[in-house]
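Asks: Sharing a structure here in structure tokens format.
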Amino acid sequence: MNRILIEFAHPAIQKSRINRQLINVAKEMDHVTVNDLYENYPDFFIDVKREQHLLLNHDIIIWHHPFYWYSAPALLIEWMDLVLEHGWAYGDKGLMLDGKSVLSVITTGGRKEVYSKEGRNHYTINEFLVPFKQSANLCRMEYLPPFVVHGAHTIHNDEISTFAENYKKVLLMLRNGEFNQKMRQAAYFNDLIE
Ligand SMILES: Cc1cc2nc3c(=O)[nH]c(=O)nc-3n(C[C@H](O)[C@H](O)[C@H](O)COP(=O)(O)O)c2cc1C
């Protein structure tokens with residue numbers, strides 16, 4: 001069974017509609033560790049050794065966050081800056097994450113149709129996620145398709161529950177290693193479970 005580590009970054013969880021429900025589902029699951037970055041490091045002083053130790057003890061890493069400025073909240077970027085050290089995570093001698101898998105789980109205010117060439121944001125969500133994908137690849141990790149909740153401000157409460165159930169299915173598939181080469185080509189992890 002794969003061990004999953006969720007690097008969760010939401011700076012205002014008390015105001016969250018979507019991510020709070022998603023992360024609560026994950027917290028109930030065996031073989032899933034939720035590392036709440038804003039809870040652990042409200043002053044942004046990240047314990048790099050603790051974080052690297054956590055990474056070493058898991059097989060699959062999830063960067064779970066609301067989409068902010070077409071990227072991630074600041075603390076997750078700080079985490080990447082500090083934890084993914086040269087000579088540890090990447091570089092000739094940086095082999096510690098070799099062979100692990102990583103994916104993004106994100107919620108966006110924008111609806112799915114605005115994330116297209118013709119749409120208001122002009123690029124697809126996977127195009128926006130290229131820095132995450134290439135960072136993973138630089139660290140010799142495989143970047144899996146993202147699980148995305150679009151239209152965060154307009155979706156109804158019962159739809160949020162469905163997304164939370166689907167997130168649980170994603171975690172079960174990952175934990176049980178139930179994904180194959182064909183699934184890796186999907187644009188969204190959502191497409192593999194619905
Ligand atoms: C500072 C900030 C930046 C944001 N940037 C984006 C963005 O670039 N694209 C987008 O679709 N939504 C953006 N949003 C909307 C958030 O993604 C949305 O509020 C969040 O996914 C809702 O999840 P929650 O209910 O768990 O808070 C932004 C929101 C904030 C507060």
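The values are calculated or read from the model by the stated rules, or taken from the named source; none is laboratory data. What you see is a predicted model; the values in this text were computed from it and never measured. Neighbour counts run over all protein chains shown; Cβ positions are idealised from the backbone, glycine included. In case anyone asks, the SASA skips ligands and DNA or RNA and just uses the protein heavy atoms, side chains included. Shrake-Rupley method; radii C 1.70, N 1.55, O 1.52, S 1.80 Å.
Asks: Explain nothing, just the number: relative contact order of the chain, from Cα pairs under 8 Å at least 6 residues apart, as a whole percent.
Replies: 24 percent
Asks: Further, regarding this structure: With each run of n ≥ 4 DSSP H residues scored as -39500 (n - 2.57), what mean residue ellipticity at 222 nm is computed for the chain after dividing by its residue count and rounding to the nearest 500 deg cm²/dmol?
Replies: Calculated mean residue ellipticity at 222 nm is -9500 deg cm²/dmol.
Asks: Please list the three semi-axes, largest first and in whole Å, of the ellipsoid equivalent to the chain, using sqrt of 5 times the eigenvalues of its alpha carbon gyration tensor.
Replies: They are 24, 19, 18 Å, listed from largest to smallest.
Asks: Right, another one. What accessible area per residue comes out for the range 44-194, rounded to a whole number of Å², with a 1.4 Å probe?
Replies: Accessible surface, normalised per residue, equals 51 Å².
Asks: Put +1 on the Cβ of each Lys and Arg and -1 on the Cβ of each Asp and Glu in the chain; which of ILE6, SER116, VAL25 then has its Cα farthest toward the positive end of the dipole?
Replies: SER116
Asks: Tell me the trypsin sites (Lys or Arg not before Pro) within the range 85-179 that lie in a loop according to DSSP and have at most 14 other beta-carbon atoms within 10 Å.
Replies: LYS93, LYS117, ARG120
Asks: Given charges of +1 on the Cβ of Lys and Arg and -1 on the Cβ of Asp and Glu, with all other atoms neutral, how large is the dipole of the range 151-194 about its Cα centre, in debye to the nearest 20?
Replies: Values: 5 positive and 6 negative charges, 61 e Å.
Computed about the Cα centre, the dipole is about 300 debye.
Asks: Then there is this: If I stretch the segment between THR33 and SER116 completely, what's the gain in nm (0.36 nm per residue apart, minus their alpha carbon distance), one decimal?
Replies: Here the answer is 26.5 nm.
Asks: Moving on to the next point. For the range 39-105, state which chymotrypsin sites (Phe, Trp or Tyr not before Pro) are in a DSSP loop and have at most 13 other beta carbons lying within 10 Å of their beta carbon. Numbers along the way, then the final one.
Replies: On the way: sites: PHE44, PHE45, TRP63, PHE67, TYR68, TRP69, TYR70, TRP79, TRP88, TYR90; in loops: PHE44, PHE45, PHE67, TRP69, TYR70, TRP88.
Counting only loop positions with at most 13 other Cβ atoms within 10 Å, the chymotrypsin sites (Phe, Trp or Tyr not before Pro) in the range 39-105 are PHE44, PHE45, TRP69.
Asks: Carbon and sulfur: what percent of the chain's accessible surface (1.4 Å probe)?
Replies: The C+S portion of the solvent-accessible surface of the chain is 51 percent.
Asks: If you build the convex hull over the alpha carbons only and average its shadow over all orientations, what do you get for the range 1-65? Give it in nm² to one decimal. Please list the in-between numbers first.
Replies: On the way: hull surface 17.9 nm².
Approximately 4.5 nm², given one-decimal rounding.
Asks: Just to confirm the filter: which GluC sites (Glu not before Pro) across the range 59-165 are DSSP coil and have at most 15 other Cβ within 10 angstrom of their Cβ?
Replies: Qualifying residues, ordered by number: GLU85, GLU118.
Asks: Sticking with this one: Based on the alpha carbons, how large is the Rg to Rh ratio for the range 16-122 when Rh follows Kirkwood?
Replies: My calculation of the ratio gives 1.00.
Asks: Size of the dipole of the chain about the Cα centre, Lys and Arg at +1 and Asp and Glu at -1 on the beta carbon, nothing else charged, in debye to 20?
Replies: So the magnitude is around 280 debye.
Asks: To the nearest 10 square angstrom, what accessible area does GLU39 show with a 1.4 Å probe?
Replies: Around 130 Å² of this residue is reachable by solvent.
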